[in-house]
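Please treat every number below as a calculation from the coordinates, not as lab data. Because the structure is a prediction, the values reported are computed rather than measured. With ideal geometry, Cβ positions are generated from the backbone for all residues, glycine too; neighbour counts draw on all protein chains shown.
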Amino acid sequence: FAPWAFDEEKAPTFRGQWRSEVLKSAEDSFVDLEIGTGNGYHFAHRAEARPERYLLGIELKYKPLIQSVRRAVNAGCVNMRGMRYNARMLADLFAPGELNDVFIHFPDPWEKKRQQKHRLIQPDYMKLLFDLQRPGSMIEFKTDSRAYFDWALEVFQSCPYSMDRTSFDLHQSEYAAENFVTHFERLFLRQGLPIHYVRLIRR
């Protein structure tokens with residue numbers, strides 16, 4: 001999967017050049033990012049469903065990354081790339097204004113009080129995403145953890161994003177029809193857990 005996936009040494013060398021050097025696309029093309037591809041069902045679905053856009057995926061673990069890329073390749077997608085890297089270090093990988101839409105699905109909720117500092121959604125991280133995204137882009141966030149969702153909403157409200165959509169039970173909302181159910185999402189639904197969802201728009 002050499003042409004489709006990059007390791008932690010190679011990926012940062014493309015900072016600011018993903019369109020020109022990797023994707024060979026126009027400067028105004030759309031380049032989206034999925035943070036934490038997991039087993040790749042959403043990654044492959046998104047790449048296949050939106051061939052007019054490019055999709056980058058970041059995953060810390062090697063096996064899920066390759067699984068994600070393999071699913072997309074098997075679906076005939078050529079508009080995606082994956083990279084193994086720490087999602088907290090996005091500034092190593094992307095220059096300001098290099099990204100469009102961002103997907104954050106079911107990150108570790110770090111439920112215990114002393115663990116909350118490890119949550120991905122933090123004011124500084126949102127500031128970083130704001131700098132990396134182009135105006136009008138969106139962030140899609142989903143979690144099964146109500147505690148994490150409440151935490152995230154507080155963080156989002158203090159950021160220069162508009163909250164475009166919010167639901168405490170995605171699958172009972174008006175947004176359910178256009179939602180792609182991820183692998184983890186399906187597991188949570190089987191347990192009877194509501195899925196919490198928000199979509200932010202970068203001003």
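May I ask you to work out the translational diffusion coefficient for the chain at 4 °C, viscosity 1.567 mPa s, via Stokes-Einstein with Rh from the Kirkwood sum over Cα pairs, reported in whole µm²/s?
75
Among the lysines in segment 5-202, how many pairs, 8 or more places apart or on different chains, have alpha carbons under 21 Å apart?
So the count works out to 9.
Over the Cα atoms of segment 17-58, what radius of gyration and what Dmax do you get, in Å?
For segment 17-58, the Cα-based Rg and Dmax read 10.6, 30 Å.
Taking neighbour counts of Cβ atoms within 10 Å as a proxy for exposure, in what order, fewest first, do 37, 13, 143, 182 appear?
The most exposed by this proxy come first: 13, 182, 143, 37.
Taking neighbour counts of Cβ atoms within 10 Å as a proxy for exposure, in what order, fewest first, do 45, 196, 171 appear?
Sorted ascending by nearby Cβ count, the order is 171, 45, 196.
Suppose only helical runs count, i.e. DSSP H with n ≥ 4. What mean residue ellipticity at 222 nm does that imply for the chain under -39500 (n - 2.57) per run, divided by all residues and rounded to the nearest 500 deg cm²/dmol?
Helix contribution divided over all residues of the chain: -7500 deg cm²/dmol.
Could you please rank 125, 54, placing first whichever residue has the fewest other Cβ atoms within 10 Å of its Cβ?
125, 54
Antiparallel DSSP bridges in the chain: what percent, to the nearest 5?
40
Per residue of segment 78-83, what does 6.51 cos²θ - 1.76 cosθ + 1.60 with θ = phi - 60° give for ³J(HN,Hα)? Whole Hz please, x for Gly and Pro, Karplus curve as stated.
For segment 78-83, the Karplus curve yields 10, 9, 9, 8, x, 8 Hz.
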